[in-house]
Each structure stands twice: as structure tokens, then as C-alpha cells.
Amino acid sequence: MPIQISVETFADGRKYLRSVSSGRVTPHDVKQITTRTGPGGELEGAPLLSILDGKVELDPETRKIFSTMNADTGKNGNPAKIAIVTSSAPLRVMLSFVLRFSGSAEHIKFFPNEAEALRWVEVV
């Protein structure tokens, strides 16, 4: 399975979605996340910690969906934070460009490891 998803809990009881992606990720795969974190979803507005394997493949439609993931505001009226962990410089550059172009970059950050990403995404 290209994306493994789990619901995790911060020390203060708030929930976040953690995803680990590898291989070829399709629009159907990404919609598993957006259905849960988007409007009306069980984790609407919850932060996302996304770990991308260095060899993950994202086709244009998948990138488009990914770039609009935090366009909707959450229950607190703000877009959800998305922390992306990847060691792949080319993937990071490509996603940075797509996110900046779509206007979604403000609440999305890239990290070299999961611990740093988790610290950032946990801050309200």
C-alpha cells in the first residue's frame, strides 16, 4: 500500500494524522487523507505529519490534490498544519514549487526528520 495512515495523539489529547508514503502514490491514495482531514471529516482541521520515502512518485493529479490539502479551514478557522518529512532534495524542491504556486505553502513545512516535524506540528 503506497500510504499507511494512522491517527496519533499529542500529549494534550489532540489528534493528528500520520501518513507514511512510498512507491507510486495515486489520487485515490491521497483522498484517503483528505476525506478524513477535510470539511466534515472525523479529523477536520487536524494537523498532518506526512513522511515521504525518497523514492515516492507523485503524478500531476496527485500533486494537485496534495497542494490543496490545507486550502479549507479547520474547525478553528485556520488551515491545518502539514509537516512533510523527506530526505529527497528533488522531491522537496518539486513539492515546494507546487505548494508556492498554489498558495498553500504558508502552513506547510519540510523537515529532515520526524522528531523536528512533530515538534512543529504540535504547536497550536
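Rounded if a/c is under 1.5, else prolate if a/b beats b/c, else oblate: with a ≥ b ≥ c from the C-alpha gyration tensor eigenvalues square-rooted, which is the chain?
Rounded.
Once the dipole of the range 3-122 is set up with Lys and Arg at +1 and Asp and Glu at -1 on Cβ about the Cα centre, which of L17, I84, G41 lies farthest towards its positive end?
Positive-most Cα among the choices belongs to I84.
Taking the 0 to 90 degree range and rounding to the nearest ten, how far is the long axis of helix 89-102 tilted relative to the main principal axis of the chain, both from C-alpha atoms?
Helix 89-102 sits roughly 60 degrees off the main axis of the chain.
I'd like the orientation of helix 27-37 relative to the chain: the angle between its Cα long axis and the longest Cα principal axis, in ° from 0 to 90, rounded to 10.
Compared with the principal axis, the helix lies near 10 degrees.
Over the range 3-122, calculate the relative contact order: mean separation of alpha carbon pairs under 8 Å at least 6 apart, over the residue count, as a percent.
23 percent
Of all DSSP beta bridges in the range 3-122, what percent run antiparallel (nearest 5)?
35 percent
Using Cβ counts within 10 Å as a stand-in for footprinting exposure, how do R36, R100 rank, fewest first?
By the 10 Å Cβ count, ascending: R100, R36.
Based on other C-beta atoms within 10 Å, arrange T35, T26, T62 from fewest to most.
T35, T26, T62
Using a Förster distance of 22 Å, how high is the FRET efficiency between D59 and V93, based on the Cβ-Cβ distance and rounded to 0.05?
Details: r = 17 Å, r/R0 = 0.78.
Efficiency computed from Cβ-Cβ geometry: 0.80.
Please arrange F66, F10, F111 by how many other C-beta atoms lie within 10 Å of their C-beta, fewest to most.
The fewest-first ordering by Cβ neighbours comes to F10, F111, F66.
In the chain, how many lysine pairs have Cα atoms under 21 Å apart, counting only pairs 8 or more places apart or on different chains?
The result is 15.
FYI, it's all coordinate maths here, none of it is from the lab. Predicted, not measured: the structure shown is a model, and the values here were computed from it. Heads up, the Cβs are rebuilt from the backbone with ideal geometry, glycines too, and the neighbour counts pull from every protein chain shown.
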